[in-house]
1. Inside the stretch 1-111, counting only helices (runs of 4 or more DSSP H) that do not spill past its ends, which hold 1 or more residues that are modelled with pLDDT of 95 or more and of a type outside the set (S, T, N, Q)?
2. In the stretch 364-384, which residues are surrounded by 19 or more Cβ atoms within 10 Å (Cβ to Cβ) and polar (S, T, N, Q)?
3. Filter the strands (runs of 3 or more DSSP E) completely within the stretch 189-261 down to those with at least 3 residues that are surrounded by fewer than 20 Cβ atoms within 10 Å (Cβ to Cβ).
4. Just the residues that are in contact (Cβ under 8 Å) with a residue 24 or more places away in the chain, of a type in the set (Asp, Glu) and not in a strand (DSSP E or B), please, taken from the stretch 338-358.
5. Which residues, taken from the stretch 135-153, are touching a Phe, Trp or Tyr at 6+ places or on another chain (Cβ under 8 Å) and not acidic (Asp, Glu)?
6. Within the group Lys224, Lys229, which residue is over 25 Å from Ser311 (Cβ atoms) and within 16 Å of ligand 2 (Cβ to nearest atom)?
7. Could you please tell me which pairs satisfy a Cβ distance under 6 Å, a separation of 6+ or placement on different chains, a first residue in the stretch 373-388 that is in contact (Cβ under 8 Å) with a residue 40 or more places away in the chain, and a second residue that is buried (at least 23 other Cβ atoms within 10 Å of the Cβ) and basic (Lys, Arg)?
8. Taking only the stretch 280-326 into account, find how many residues are closer than 20 Å to Leu240 by Cα and not in a strand (DSSP E or B).
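The values are calculated or read from the model by the stated rules, or taken from the named source; none is laboratory data. All of these numbers come straight from a predicted model, not from anything done at the bench. Virtual Cβ from ideal backbone geometry, glycine too; neighbours counted across all protein chains shown.
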Amino acid sequence: MTSLRYSAIAAVVLAFCYPWWLKDLLLVKFGIRRLGEPIENFPYKCRNLKHGQLEGCGDMWLDERTRVLYAACAGIQGREEWNPSLSRFNASGRRPSRSELTAIYIDEPRKDGLFKMHRIQQTRYESGPGDGDLDLAGFDVEIVDLSTIRFWLINQRPPYDSDGKLLDASKVGANTTIEVYDYKNREKMMTYTATGKSSALHSPNKIAWMGGNSFVVSNDRSAKVGWRKKLDPLLGGGSLVYHDDWSNSYKTTPKRIPIPGNMVRGQDDRIYVPSLIDDKIRIFQLEQSGSFKQVHVIKMGMPIAGLSTDSMGIIWAVGRSKVDLVGGSSFSSVFKIEKIEEEWIKYKVDKVLEDKEAKFVRGATVVRHDAKTERIFIGGAFMPFITVCDLRK
Ligand SMILES: *[C@@H]1O[C@H](CO)[C@@H](O)[C@H](O)[C@H]1NC(C)=O
Ligand SMILES: *[C@@H]1O[C@H](CO)[C@@H](O)[C@H](O)[C@H]1NC(C)=O
């Protein structure tokens, strides 16, 4: 333990001695010299959707076919009290209505400027100790058929003992599981299907479905609790876990990714992992053996909180002007990333929006692009609304 601690300190000291690291530190971490542009410089007209149900929507998924945006929201206050990634373990501080999925019908505007929307209730998940509520972080969606989708949800449950007594999460951490639910288009209720659990899933923040019952989960920290977790922002510690359907096994990469944000599976089946600490999007490819190999890196010039794809296969990214784990003291930028060459893996990155004065967006963790209307939707775990931006034509 002690020698580990010393090597950690040595690593920190060494890191500070290297000029390239220093440059990275100043430019990327503290956002030095990043002036940013006002939102008026971009061809978008934005507005905020203000509604109690649309607070703290850390992840969203857009069904471009059926014209529904699904948002996983927990309220800001609730996310501040119960947030396993940030080691906030006050389970009784969660929002009384807990977190929930909301269906937003993006082609059905209402007179008040919002859209037609409703919460999606759930049938109770697998028996097991606990309150049976969902504590949603990231999620992914599998399209089952024309009228059915399947939600793959990260559920950051508080820990309970077998008698149903709440345990001290600051000591044992959260009991995060994967909950799978089937949902029929436009219904008010989703139906429980399965739970995934493993000790490899120690701090999941996002999931990507990979076909069948295979999926990838990112752990954004090195451990549930403890001193090493506190050093994650300096030393890295995030990892990818692959669940293989055939062998029903979980395989983890080394804990080297510096605090991953919302990763995504690209149309090329590669996994794109952004970082809240450095400016790299690490691109991983699944090998036959079930391990991930890093095949490429895109340098973005700023930390990236979330990635998504649209129906054209274009990757959308939302970044922060500096390292800012909650997102309250930086401004947000939105990028479009297009693959221009497959063989040599080459990408073209364009900044499409920036909000230097944080007039509309601050602390975003997810952006979704509607290829049909060219509209973008922006949400965040600590954002008090969802932002909608329309392209001015
Ligand atoms: C937990 O949250 C509740 C509700 O916000 C609050 O009353 C309580 O003081 C919090 N407890 C701790 C230990 O912070
Ligand atoms: C975590 O959840 C699993 C799945 O329901 C359950 O079997 C287990 O008892 C839970 N453990 C804790 C510590 O809450």
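1. Where helices (runs of 4 or more DSSP H) fall fully within the stretch 1-111 and carry at least 1 residues being modelled with pLDDT of 95 or more and of a type outside the set (S, T, N, Q), they are 76-81.
2. Within the stretch 364-384, Thr365 is the sole residue that qualifies.
3. 189-196, 249-252
4. The answer is Glu342, Asp355, Glu357.
5. Phe139, Val141, Thr148, Ile149, Arg150, Phe151, Trp152, Leu153, listed by residue number.
6. Exactly one residue qualifies, and that residue is Lys224.
7. Phe377/Arg368; Ala381/Arg79
8. Of the residues in the stretch 280-326, 7 are closer than 20 Å to Leu240 by Cα and not in a strand (DSSP E or B).
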